[in-house]
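Step one of this worksheet: look at the structure below.
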Amino acid sequence: GNSVTQMEGPVTLSEEAFLTINCTYTATGYPSLFWYVQYPGEGLQLLLKATKADDKGSNKGFEATYRKETTSFHLEKGSVQVSDSAVYFCALTDMEGSGGSNYKLTFGKGTLLTVNP
Amino acid sequence: KAGVTQTPRYLIKTRGQQVTLSCSPISGHRSVSWYQQTPGQGLQFLFEYFSETQRNKGNFPGRFSGRQFSNSRSEMNVSTLELGDSALYLCASSLGAGRGTEAFFGQGTRLTVV
């Protein structure tokens, strides 16, 4: 089956530090990859996505590149802010692997990021 | 445009009772999925509905059920509640087809079973 493994948190950084959150996946087909973010008391928001190998998703200074050879989709940001404090989830959909007949997100466990001023 | 709306936001129920949660998707979205979020298990897929048909179901007992109406609104029901059902239940709506389709999440319903 499909699975997503992301680095365990929590991660604590100082403002303007560099962020990397590792994510690797297994999938039966050719998945689309996502990073979602969850702020306290909120639902999940899409941060960025990539649908094919070597695609780079980017948003709000965050980036992640779809690496098919290493089955990875690591999240990076060059300079984090206090407002980036949240839980980050790596996820995939594998509609082709499921026969294209349903929509299901498979999530990693989430990584709590705390950024201190 | 309006986002995904889940009601109620908070619920407290007693063990053995049943509960119904509601989700109104984004207009035009025909796919509605439900997820259970707990600190120990993370985000787990419950089921997905598309045009009133359940297309996929996660590994949950039969006490968890759902349905979707012709206007794409969805409900999920949990019968004979157990303490372990305490969780944040998230609903997501999407177009439900195509590579890279994005899911939009509601704020969730926080269920506490006592």
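Diffusion coefficient of the stretch B:28-95 by Stokes-Einstein, Kirkwood radius over Cα pairs, 4 °C, 1.567 mPa s: 105 µm²/s.
Here the spin labels are modelled as points 7 Å beyond Cα on the Cα-Cβ line, and at B:Ala97 and A:Gln45 they lie 3.0 nm apart. Once you divide the Cα radius of gyration of the protein assembly as shown by 2.2 N^0.38 Å, the number left is 1.01.
Taking the Cα centre of the protein assembly as shown as origin and assigning +1 to Lys and Arg Cβ atoms and -1 to Asp and Glu Cβ atoms, the resulting dipole is close to 680 debye. Look at B:Thr53, A:Thr51 and count the other Cβ atoms within 10 Å of each Cβ; fewest to most, that gives B:Thr53, A:Thr51. Taking a Cβ cut-off of under 11 Å around B:Arg15, the surrounding Lys, Arg, Asp and Glu residues balance to a net charge of -1, with basic ones at +1 and acidic ones at -1. Normalised by 2.2 N^0.38 Å, with N the number of residues, the alpha-carbon radius of gyration of chain B equals 1.01.
Each of B:Phe105, B:Cys91, B:His29 was placed along the dipole of the stretch B:17-114 (beta-carbon charges, centred on the mean Cα), and the one lying farthest toward the positive end is B:His29.
What dipole magnitude, in Debye to the nearest 20, does chain A give about its Cα centre under +1 on Lys/Arg Cβ and -1 on Asp/Glu Cβ?
In debye, rounded to 20, chain A gives about 240.
All of the numbers you see were taken from the coordinates with simple rules; none came from a lab. None of these values were measured; they are calculated from a predicted model. So basically every Cβ, Gly included, is an ideal-geometry build from the backbone, and we count neighbours across all protein chains shown.
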